[in-house]
1. Quick one: how many residues across region B:377-416 are part of a helix (DSSP H, G or I) and on the phi > 0 side of the Ramachandran plot?
2. Which ones in region A:149-172 are crowded, with 19+ Cβ neighbours inside 10 Å and more than 14 Å from chain B (Cβ to nearest Cβ)?
3. Conditions first: (1) under 21 Å from the mean Cα position of the chain (by Cα); (2) within 8 Å of another protein chain (Cβ to nearest Cβ). A:Gly449 passes all but one, so which condition is the exception?
4. Given the conditions (1) open to solvent by 40 Å² or more (accessible area, probe 1.4 Å); (2) free of Cβ contacts under 8 Å to residues at least 24 places away in the same chain; (3) within 13 Å of another protein chain (Cβ to nearest Cβ), report the number of the one that B:Ala132 does not fulfil.
5. For region B:386-419, give me the residue count where each residue is among the hydrophobic types (A, V, I, L, M, F, W, C) and open to solvent by 10 Å² or more (accessible area, probe 1.4 Å).
6. Which one of A:Leu581, A:Leu611, A:Leu547 is closer than 19 Å to A:Ala313 by Cβ and modelled with pLDDT of 95 or more?
7. Taking B:Leu368, is it surrounded by 20 or more Cβ atoms within 10 Å (Cβ to Cβ), within 14 Å of chain A (Cβ to nearest Cβ) and either closer than 27 Å to B:Val325 by Cβ or touching a residue at least 60 places away in the same chain (Cβ under 8 Å) (or both)?
8. Considering A:Gly429, A:Gly483, A:Gly495, which residue is of a type outside the set (S, T, N, Q), under 30 Å from B:Gly427 (Cβ atoms) and assigned by TED's automatic domain parsing to the domain that holds A:Ser399?
Number of protein chains: 2
Amino acid sequence: MHDFTESLRPSQPSGPELLARERAQSNVPTEALANHLLGSDGFLSRQSKVLAVVQSEPLFNKSHQQNLSRPDRFKLALARGKLLRRLADKHGWAPEEHEMAEYLVDDVSPYMLHMGMFVTTIREQGSDEQRAYWLPQIEAWKIIGAYAQTELGHGSNVRGLELEARYDPGTREFVLHSPTLTASKWWNGALGRTANHAIVVAQLLLPDSRTSNGTLGTKYVSYGPHPFIVQVRDMETHQPFEGIVIGDIGPKYGYATMDNAYMLFNNFRIPHSAMLSRHSGVDPVTGKYTKPAESAVVYGTLTYMRSKIIQHARLVLARAVTVAVRYTAIRRQFPDRDGASNCPELPVLDYPTVQIRILPLLAIAFALHYTALAMQNIYANTRREIESGNFSSLAYMHSMSSGLKSLCTTLAADGIETCRRALGGHGFGGGSGLIQLNNDYLSKPTVEGDNWMITQQTAAYMLKKMTAALQKPNAVVADEIDGQFRASLPLILDGAGKESSYDILGSDEDLVKSFQRRATALAYNVYQARVVRKQPWTSLMTDFHKLSKAQSQSILVTKFHDALVSNVDLPAATQAVLRDLFRLFATFTLEADRYEFFTCGAASRAQLDVLPARVNELMARIRPHAVPLVDSWKIPDYLLDSALGRYDGRVYEDLFNRAHQLNPLNKVTVNPNYWEDEIVKGGEDLKDIRAKL
Amino acid sequence: MHDFTESLRPSQPSGPELLARERAQSNVPTEALANHLLGSDGFLSRQSKVLAVVQSEPLFNKSHQQNLSRPDRFKLALARGKLLRRLADKHGWAPEEHEMAEYLVDDVSPYMLHMGMFVTTIREQGSDEQRAYWLPQIEAWKIIGAYAQTELGHGSNVRGLELEARYDPGTREFVLHSPTLTASKWWNGALGRTANHAIVVAQLLLPDSRTSNGTLGTKYVSYGPHPFIVQVRDMETHQPFEGIVIGDIGPKYGYATMDNAYMLFNNFRIPHSAMLSRHSGVDPVTGKYTKPAESAVVYGTLTYMRSKIIQHARLVLARAVTVAVRYTAIRRQFPDRDGASNCPELPVLDYPTVQIRILPLLAIAFALHYTALAMQNIYANTRREIESGNFSSLAYMHSMSSGLKSLCTTLAADGIETCRRALGGHGFGGGSGLIQLNNDYLSKPTVEGDNWMITQQTAAYMLKKMTAALQKPNAVVADEIDGQFRASLPLILDGAGKESSYDILGSDEDLVKSFQRRATALAYNVYQARVVRKQPWTSLMTDFHKLSKAQSQSILVTKFHDALVSNVDLPAATQAVLRDLFRLFATFTLEADRYEFFTCGAASRAQLDVLPARVNELMARIRPHAVPLVDSWKIPDYLLDSALGRYDGRVYEDLFNRAHQLNPLNKVTVNPNYWEDEIVKGGEDLKDIRAKL
C-alpha cells in the first residue's frame, strides 16, 4: 500500500544544514583537537580500525535491542562476547583493541570480569606457580572466571564478610561455608550464568595454635578476608558442584546484559593450593599464617580500577554532551521574545537556560580528560616504585583516587541525566541514545567504593598531612598536598577575616590558587574539629565529604590549568577556546559554593557578586564553537546510537524511521474493548500473558 | 534435590527485630499522623478498600514484570487496564476509586489519556451538543480516546505546531494535513495502539475574507492551534483510516506500558462538527471565526493537571523515602570508628552522610503535601470564580503553578535517585522498588511544561507585579504576591548592605520571612535588569529561573509553616517533630543558596556560618522518629514492590527469594565456550537470537 509519509521531509532549515552552519562558523580545527585529545596513545587509530570490523557484523546491530526482554539481552550479550573473542583471534587484536571493541559494542559483557578483575587478581596476588598454572588457561578462555567478594549483607565493609574458609590441616583443605543467608555472595558479575571459576574472598580461619594441636574441632582464629581461586561449575554440564548454589540475581537498573551472581557454599572443600599466596600464605602442615610484607599492596588493583573509571568517565560525559550539543543546535523552539514579529525560532542552544546545563558539562569533560591523563602518569610512576619495593606514594595515590573517583563519577552520572533532560521530550525517547548509557552508568557512583563512603579516605589522609604540616611546617615536601599546604596555610593562619586578594576574574593562576586555598582552609577546619576539639569521627562525616569534594575539585582545576600552560600543539585561537573552557569549568564550579569561597577568604565579595554574569559571558564565547568542540571527541555514530546526536544531523528522519519501520509493537493490532479478553487481534490472548506472570 | 539454602537465615539482629526497635523508640503515633495526612479526603479508606480487590487478582502480580520485553509489558498493561475497568463496573467504583486502583497497580495505563485529558477536554471545550453526543460513549468506554497535541518538531511552543486544519466551506469539512515530517504528531499517549479517537490540535486555517468569496483555492489565514475530535481508526478492524498513518513511537526511558504515538494526516477530511466549539467556532457557511471570550480559559486544564502533578509528587517522594528509611535502618556497615574494638556495626541511617541525603527528602515530602493541599484549595476557588465569569485569579494561579510544577517535580525526580543511591549496591538491584518508579517519573520534569522553560511564566508575572508595586505602593492587595512585596519591598529599598536581623535559627516566622525577602529581592533585581536597564529577555533567562525557584521555595516554606500553626489535631510531641521537619526543610534548602540569602540581606553571616551544624542537629533530632514518620504515609507493600522497603523488614529473605526462586534466567544453563555457537545448553542457539535483531 502507498505510504504517504515516504515523500515527507522535515521542516526547513534541516538538521544537516544547521550543523553545517555551526561547523562553518567556528575556527576550531576538529582533527587537530581530536589528535591532541586522543591521538597520542593511539586511541583514535584503534577506534577506526576496530569500528570497521565491528560495524560490519549483523550480530552487533543495535536497532532492536531495546525491545528485548532481560533474559534475551543476556543471551545476545553472551553471543556477542563470543564473537568478539573470535574476531580478536582472527584479527590478532591486542588487549586494548579487544577492549575497544567491547566499548563500541557497548554491552556490559558477561566476560568483562574474566578479562578484568579475575585475571588481574591472579596476576597480582597469585604465586609464581599459581600464575604459571592458571594464566594460560585464562588467556585462552579455556576456563571463564569471575570475582566474588561482595555479599548480600556486606559490600563496603570488606572486613565484615561472613563467608568462612576454615583450614583443615588433616586433609590440607579449606572448607568454604556460608553460615547465614547474608553470607551469600552477591553482585558478582559474570558468575550468575557464565563463569565456571571464581576468585572467592572469604574469612581465613586457622586453628588457634595456643589452644590446639592443629586437629579439627578446636578453636579457630580469623585472619580476615583472603582470596581463593575456586572452580565452581562442572566443565561438562556447567552445573554448580554439589555443595554450591549459584544463580543470577535478576533484573537491575542497568546491566541487563550482565549475569551478576549470588553464590553460597555448604562445607565445600577446596585444596590448599586454592589460596592466592603471593603476599600471604598458610603453611600446609602446621596451618601457620605468613603475613603480607606490606598490607597496603592490595590497594594496587583498586587504585588501578579507579584510574580506569576516571578515564572512562570523560568519554561517557563527552558522549552525552555530543548528543546534547548537536541536538540543541538543531532543535528550534520559540522566536526571540524581543525580536520582530515574524522572526524565526531560535535553536534552543542559544538559550542561556540550555547553555547553563550543557556547556559546563562540555568543560567538565575536558577537565576529566586532563585529570585522567595526570592520574595515569601518577599510577604508572607509583606502580614502578612499588615493583622496586618503595611503597611511599601508595597512600597518597590511594587517598586522592578515592576523592577523584567519587567526584568524577558523580559529575558524569549527573551530567548524563542533565543532558538528557535538556533534550526536551525526545530526551525521554529511545532515540536519545542516553537511556542505556544512563542506566548502565548509574552503577558507577556505587561500585569500587561508594561515592559518599570513600571520601573519608581522602579526608583522613589530608587530616594526617595537616597535622604534620602544622607540627613541622618546614619538613620536606613529599607530595602535592604538602606543596599545597605549604603555599596556602600561612595565608589562612594569618588572614582570618581578611578580604581575598585573588583576582579570579582576571587571572587563571589566581583561580587555581583560590581552589587550593579553599580546600586547604576546609582541611584546616576539619583538623580543628577532629584533632584539636576531639569531635567524634562520625559527627564529622559530612565535613569530610565536603573536604574531599573541595580537594578533588582543586585537583581537577589544577590539572586542567597545568595542561593548558604546558606546550600545547594547537593554534592560538584554539588554545584560547580551551582557556575559556577552563575558566567556565572553574567559575561554574566555584559559583555553586560561593559562600564557602567567600568565608574561606578564597574570593572577594565584589568578584563573587558578578560570577553568574561571568559564567554567562564565558558561555556566550564558547557557544559558537560548541559543535566542533564535541566533534573533536570523535564519538562514532555507531557508539552514540542516537537519532538526536548523529553526526549528519538527520534527527527527525532517524526518529521517524525508528518508530515507523523498526518498532515491533506496530506489527500487532490490538482490541481495546474492555469487555473482551482478546488483546492482540487474531493473535495471542490473555492466556499467553498470564503464562508470563 | 536438597537445597541447603532453605535452612539459612540472615545474620542477627534481623530486619524485623531492627524495625521493631525503631518503632518502639519513637512516640510518633503512626495511625493518628496517617489520618492527619491522608484521612480527611478519604484517601486512606479508599486505599484499603481498593487494595484488597487488586491484590487478590493474579493479573496484577508484579513478581515477573521486570523480565518482560517492552511489547509484552504493553500487552500486559492493556489486559490489566481492561480488568480494572471490569472491576470498577463490578464493584461500582467511583472515579477516584478507579484512579486509586491504577495508582496501586502502578502501570502507566494505555487508558490513562482516555480517562484524563481526552474526557476533560471534551468536558471543558466541547459545546453542549458535543458533550451530549460524546460523553456517554466515552464514559462507557465504547470509544477510546487520546490527546494529540505535541509534534515531532514542536512541544513547548504550541503556536509552532505544523499540522493544518483547513476549512472547506464547500463541503463544510476541515482538511487535516501534515505538510512535513516534523508535523507528525508525537508522544501522544494511548494513541499508538489503543485509541480509536483523539483530540487533534491543529492550526486552524480559514479562507481570507478580504481576498476571496469563500471558495477553495484562495488565500488562507491562520487562527492558531485549535482542538478537533477525530475518529482515527475503524471500529471493527482497528486499522487507521486511509489518509492517516499511526503507530507507537517505540521504547522510551520509562512508560514501557504506554503506547505513545506518532500520527500523520494526508488531506484527511473531518466534518465541521469535529471542532470543539465551546469557546470559539467557525461559521459553517461563511467560514467566519468566533473568538473565545477569554483566551486564558484554556489554561484551566493545564493548571488542573499541574495541581495533580504536585499531589502526585508528594506520594512518589514519600514512597522513595519509605524504602530508603526502612532499609538504611536495617543495613549495618562498619562499627563506629571511635567505638570499642568489638562494637557492632552501625545501621547506616546513623551516619550523617546517609541522613543528609534521606532526611531532608522526608521533610520535603511533608512540604509538598501541605503545598498540594493549599493548591487544591486555590484551584477549587479559582474554578468557582471562573464558572461565575470572574477570571481575575487565573493569571496568578497559572504563574504560581508553573514555578511549583517545576520545583516540585525536580525535587521528587532528583529525590528518588538520591534515595536509590543511598541504598548502596542493592539500590541498583531490581529489589529496590525504585527502578520503574524512577524511570517512569523522569518524564515529569519535561511533560506539562518543561521545568526550565515554564519558570519564565512565574518570573513574567512577578515582573509585572513588581512594576505595579513600585509604581503604586499603596494599591489593593489582590493576591499573595502583592502581600509579600508589600511586606518585604520597603526593607529591600531601605536596607541595601545592612546585616540581616532575621533570627533564622530561633524563630520559625523569621525563617518564613527570610525566604519571602530573598524571593522579593530577586524579583527586584530582575525588575532592575529588565524594566530599568532594558536587558534582553533571553539574556535574563537564568535569572528568571532562579527567581521562580526562589519564589516557589518561599511558597513551600510558607505553606508548610501555615499548616503547622493552624489547628493541628496531633499530640504536642508529634507537632514538635513536624516543626523540626519544617525547620530541616527550610534550613537545608537555605543552606544550598547561602550566598544569595546573605547578599539579599535575608540572613546574617553569623547564623549562616553555623547552618550546616544546625542541619546536623535537626537531623539527629528527627532520626529516632524516621521509621514511624515514613510508616505514617501508609504506602502499601504491594505498591512499594520493594524487598528493601517492605514493612516487616524481611529484606534479605525477599532479595534472595527474588533471585533464587523468581528469576527466569536461572532456568537456563549456558555454554560459555567462545569457540562454540551454542548459547543455551540443549536449547536455543545463535539463530534464535539473530532472528530478534
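The values are calculated or read from the model by the stated rules, or taken from the named source; none is laboratory data. Quantities reported herein were computed from a predicted structural model and do not represent experimental measurements. Every residue, glycine as well, gets a Cβ built from its backbone with ideal geometry; the counts of neighbours run over all protein chains shown. In case anyone asks, the SASA skips ligands and DNA or RNA and just uses the protein heavy atoms, side chains included. Shrake-Rupley method; radii C 1.70, N 1.55, O 1.52, S 1.80 Å.
1. Narrowing region B:377-416 to residues part of a helix (DSSP H, G or I): B:377-387, B:394-416.
Still in the list and also on the phi > 0 side of the Ramachandran plot: none.
Within region B:377-416, residues that are part of a helix (DSSP H, G or I) and on the phi > 0 side of the Ramachandran plot number 0.
2. Once the filter is applied, which keeps residues that are crowded, with 19+ Cβ neighbours inside 10 Å and more than 14 Å from chain B (Cβ to nearest Cβ), region A:149-172 yields A:Ala165, A:Arg166, A:Tyr167, A:Pro169.
3. Among (1) under 21 Å from the mean Cα position of the chain (by Cα); (2) within 8 Å of another protein chain (Cβ to nearest Cβ), A:Gly449 violates only (2).
4. So B:Ala132 meets the others, but not (3).
5. Counting residues in region B:386-419 that are among the hydrophobic types (A, V, I, L, M, F, W, C) and open to solvent by 10 Å² or more (accessible area, probe 1.4 Å) gives 7.
6. Numbers: A:Leu611 fails: closer than 19 Å to A:Ala313 by Cβ; A:Leu547 fails: closer than 19 Å to A:Ala313 by Cβ.
Exactly one of A:Leu581, A:Leu611, A:Leu547 is closer than 19 Å to A:Ala313 by Cβ and modelled with pLDDT of 95 or more, namely A:Leu581.
7. When the stated conditions are applied, B:Leu368 does not pass them.
8. Every option except A:Gly429 fails the conditions.
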